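Read the figures in this text as sums done on the coordinates, not as results from a lab. On a predicted model such as this, the values are computed, not experimentally measured, just so you know. Note that each Cβ is placed from the backbone with ideal geometry, even for glycine, and that neighbours are counted across all protein chains shown.
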Amino acid sequence: MLRICLALFLLIPTPAFADHVPTQTPYDISIACDADGDTTKGDITVTWQESDGFEDSPPERYAIAFSNDNFVETNYAVANSTGWETALSYKSYVFTASYRETIFGTTADTFYAKVRADNDTDASYSEWTGIVSVDCDYGSIPTTTTTTTTTTVPPKPEPEPEPYVEPEPLPPPPEEIIVDVKVEGVDKTYTQADVNDGTIERDQERIDNEDMFGCFMTNAQIDRGDCVIIIEEEEVFEDDIIEEEIIIVEEKVIVEEEVKEDVENIFPEDDDDIFDILPEEIFEEEIIVFEDEILEFEELPIEFEVIEFDMEDIAPTVVVEIPIQDEIIEEVIDEEVEEDVEEVLDEPIQEDVEEEPELTEEEIAEEIEQIQEIVEIPKSSTELEFTEEEFEEAVEEYVEELETEEVIEVLEEVNDVGVQNLSQVTEETQEIIQAVVEEAIEDIEELTEEQIEVVAEVLQVEAEDVEIIAESVKDDEVIAEAVEEYVERAVENAEVENYTLADVVTEISYESFIENPIETFVDFNNLGDITVANIGDDMTQDQKEKAQEVVVPVILTRIATMAAFVFRRGNV
Amino acid sequence: MFKKLWKWFVEALKETLNLSWTLVGLVIATLTLTGSAQQVTGLATVITLVVWLLTLGFRNGK
């Protein structure tokens, strides 16, 4: 008994608890000085491996943090312009000597780096990788010593010390670095690519929306309704206004220089009335005029630091510290999720359960009449009736001549009555409808979305699946045959509920297996095109659902087999 | 040699019969699938069965 329990415990498949995260942390980070073997440039290359691709929000870019004191005080970050491209492939980013000279003031030091994968669209960011470091002595000045000798022996000609070679003039810093922004305490450097693709604008939108609505989202996400915005009626109290004005007067000293510059732009130079005012009055005027602008700065939780740069610093840098509290964001997200769940639960369940009303016999008869009116059965031009082959040719010719709109009209009528109710039409009409279905699948590229939905309804599959079926028909004999025989088999199985194209495919697969079992199992066609990522992409959703239903019996049979095995062993 | 081969053949037949239920499940699964999924499942089933039978002696050896 114990052995049986143990066997059952081992046999019951347990789900693999894989670490499935929205955005995976990059793998296998490394750092190297002069990775390309060229010691004259002094480049430091950070290399990392892309994820295996099994993630909901693949990286749109990678943030590379860089420091020369293990991120104690210096913490610079840059972002590359390309995101996830190929599973497990390697990406790298080069920190040039000139860049290190610009931000650290030295090119010879121990440098540290770490990488993070970012998906801005979904606001999903991975963990940082571990920190890697490298000692790079590029540009260090070699130490020289001098010695004196007092011996009378003529000194041997000493080899001349290697002349000090001035390091090559550092190239200008990379043009791509535009702005350093501190987000969550981390410097974020935007590149030219970020400017081009609007990343900066989106980040700014997130910051603004975080401030206004408490949602760290872009305007597009806000418009889409991802953020629950609660509009509160604000009551204006005079006391509050007075307090703000007092604060503004205090802040005035800090922004004095900026205000003065702006005054020159706003007041016209030829405005004598203004320039005639005494200096004290001008000062008061300045406060009044720029009150609104200062108020705007007051409202933003952003500290602006003005950084002075030497003329040598070609790339201007503005550091903006944006204090963002992760906990608050998580709470907001949790609230949103809870509200969404409540909304879903509040929806009446009956709506999903409702079924289409079944047609009465009279209605079916009317629909059948309409179909037979639309579908013209080809007739022989001679007195003799068509043979079967001749009729098939005539049908093929007739269907080919049909316009796309006529094809869809026929299929709409079929949908009205239901494919499985076509048993009441003549066999000839059934054959024509079958040919029309095939024609629609063949001409899928010419159909509009609405027309594709009509075809999908006939086949009882999702609209997205019609395209997959049209592709599969070209190289899969089983599916091609299933489409050819769909109408005929649907009529034969009128009693079967929810009879779809997937059922026809399974039936034909079974028949094919009975005829030739080996071929079904050992089919090497297009085997080279199959990868782990695309297995099952060529299956319709309906087929996938039916296949899933088979998994349970497979597991049960496996358990039954092993249990029988254990029993046999126990009886020996 | 022939006797040894015959013995292995009988053992393989017995082992395949032991796997009947599993094989039935896999055959049904394969027939329900289409396209690349069917190819992979079918091929994997055949290869695994062949490996399973070829390693009979190795797995049951005392």
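State the percent of C-alpha pairs, over all pairs in the range A:503-565, separated by a distance greater than 16 angstrom.
Of the Cα pairs, 67 percent sit more than 16 Å apart.
Give the Rg (one decimal place) followed by the Dmax (whole number) of chain B, computed from C-alpha coordinates and expressed in Å.
Taking only Cα atoms of chain B, I get Rg and Dmax of 14.1, 43 Å.
Only Cα pairs under 8 Å and at least 6 apart count here; give the relative contact order of the range A:365-555 as a rounded whole percent.
20
Kindly give Rg over Rh for the range A:477-520, based on alpha-carbon atoms, with the Kirkwood expression for the hydrodynamic radius.
Radius of gyration over Kirkwood radius for the range A:477-520 works out to 1.01.
Which order results if A:Thr218, A:Thr426, A:Thr39 are arranged by neighbouring Cβ count within 10 Å, fewest first?
Placing the least packed residue first, the sequence is A:Thr39, A:Thr426, A:Thr218.
So for A:Tyr499, A:Tyr90, fewest C-beta neighbours within 10 Å to most, what's the order?
A:Tyr90, A:Tyr499
Could you compute the FRET efficiency for B:Glu11 and A:Ile4, with r as their C-beta to C-beta distance and R0 at 22 Å, rounded to 0.05?
0.30
Stretched out fully, how many nm does the piece from A:Glu373 to A:Glu409 gain, at 0.36 nm a residue minus the Cα gap?
11.8 nm
In this model, which of A:Lys546/B:Lys7; A:Lys544/B:Lys14; A:Lys41/A:Lys91 are farther than 32 Å apart at the alpha-carbon?
Distance filter (> 32 Å) returns A:Lys546/B:Lys7; A:Lys544/B:Lys14.
Given a Förster distance of 30 Å, report the FRET efficiency between A:Phe565 and A:Val522 from their Cβ-Cβ distance, rounded to the nearest 0.05.
FRET efficiency, A:Phe565 to A:Val522: 0.60.
Say each of A:Thr360 and A:Ser133 gets a label point 7 Å from the Cα, pointing the same way as Cα to Cβ; how far apart are those two points in nm?
Those two pseudo-labels are separated by 8.7 nm.
Taking one equal scatterer on every alpha-carbon of the range A:448-503, how large is log10 of I(q)/I(0) by Debye at q = 0.12, 0.16, 0.27, 0.28 1/Å?
Per q value, in the given order, log10 I(q)/I(0) is -0.27, -0.48, -1.14, -1.18.
Find the Cα radius of gyration of the range A:365-555, compare it with 2.2 N^0.38 Å by division, and give the number to two decimals.
Scaled against compact globular proteins, the figure is 1.10.
Any chance you could run the full-extension gain for A:Glu492 through A:Arg224? It's 0.36 nm times the residue separation minus the Cα-Cα distance, nm to one decimal.
Result for the pair: 91.7 nm of gain on full extension.
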